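The values are calculated or read from the model by the stated rules, or taken from the named source; none is laboratory data. It should be emphasised that the depicted structure is a prediction, and the values quoted were computed from it without experimental measurement. Here Cβ is always computed from backbone atoms with ideal geometry, including for glycine, and neighbour counts include all displayed protein chains. The accessibility values were calculated without ligands, DNA or RNA, using every heavy atom of the protein model including side chains. Shrake-Rupley method; radii C 1.70, N 1.55, O 1.52, S 1.80 Å.
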Amino acid sequence: MILFHTTKPDRADSIMAGGFRDSATVNKRLTATYRYGPGVWFGDVPPLDDELFDGIGLFNFDAERQAFIAVTIPVIVRWPCEGVQSSAADSTWPGTQYWAKAAIWNQFPKSRLSLDDVIRLRLADDKAKKQMRQWLKRDREYGGRGYGEEFAARVKRVLEEMD
């Protein structure tokens, strides 16, 4: 199983060099603020901070400024293992999220993913590709979003490479 963590590039460099570190998380929404104790969040789907995928500003940066780290959970590990909490209830992250102390995540092999790699993962099935093509076409017909054009162009290029 591969799980994904999203962060900022400078933090990703530090994680790759020295491992994950526990930190508290605050998730502010329009109607509530959620606070989580020190730990590290992962998901079975890498989130992309752009309305083409998951929304704008949910992680306090745009998709072009996200960095991604994947950990590989070996098949022999019973998942979720002791100390890991899971949640599918958070609408700011697609799929299922997992929270655990850094020491748990640091025992697994980690790798850095490019933004293009993550876009490919998110567009891995034909249904997702079709939906994205429709979204991009509709966006062009209405004159573009006026923001995030670099990211939209990147998604279009990745789609073309996948064909």
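Could you put T31, T7, T96 in order of accessible surface area, largest first, with the 1.4 Å probe and the full protein assembly present?
Most to least solvent-accessible, the answer reads T31, T96, T7.
Between L136 and R78, the modelled label-to-label distance comes to 4.5 nm, taking each label 7 Å out from Cα in the direction of the beta carbon.
When nucleic acids and ligands are ignored and a 1.4 Å probe is applied, S87 ends up with an accessible area of around 40 Å². Of the GluC sites (Glu not before Pro) found in segment 82-150, the ones in coil according to DSSP and having at most 10 other Cβ atoms within 10 Å of their Cβ are E82. In the context of the full set of protein chains, the chain has a per residue accessible area of 58 Å² (1.4 Å probe).
The accessible-area ordering, largest first, of the residues D116, D22 stands as D22, D116, per a 1.4 angstrom probe.
How much net charge surrounds D139 when only the other residues with a Cβ under 11 Å from the Cβ of D139 are counted, with Lys and Arg +1 and Asp and Glu -1? Display every interim value, and only then the final one.
Details: positive: R133, K137, R138, R140, R145, K156; negative: E51, E141, E149.
Net local charge, D139 excluded: +3.
Stretched out straight at 0.36 nm per residue, the stretch from R157 to Y36 would grow longer than its current Cα-Cα span by 39.8 nm.
Quantify, in whole percent, the carbon and sulfur part of the accessible surface of the chain (1.4 Å probe; protein heavy atoms only).
Values: 4790 of 9450 Å².
Exposed carbon and sulfur together represent 51 percent of the surface.
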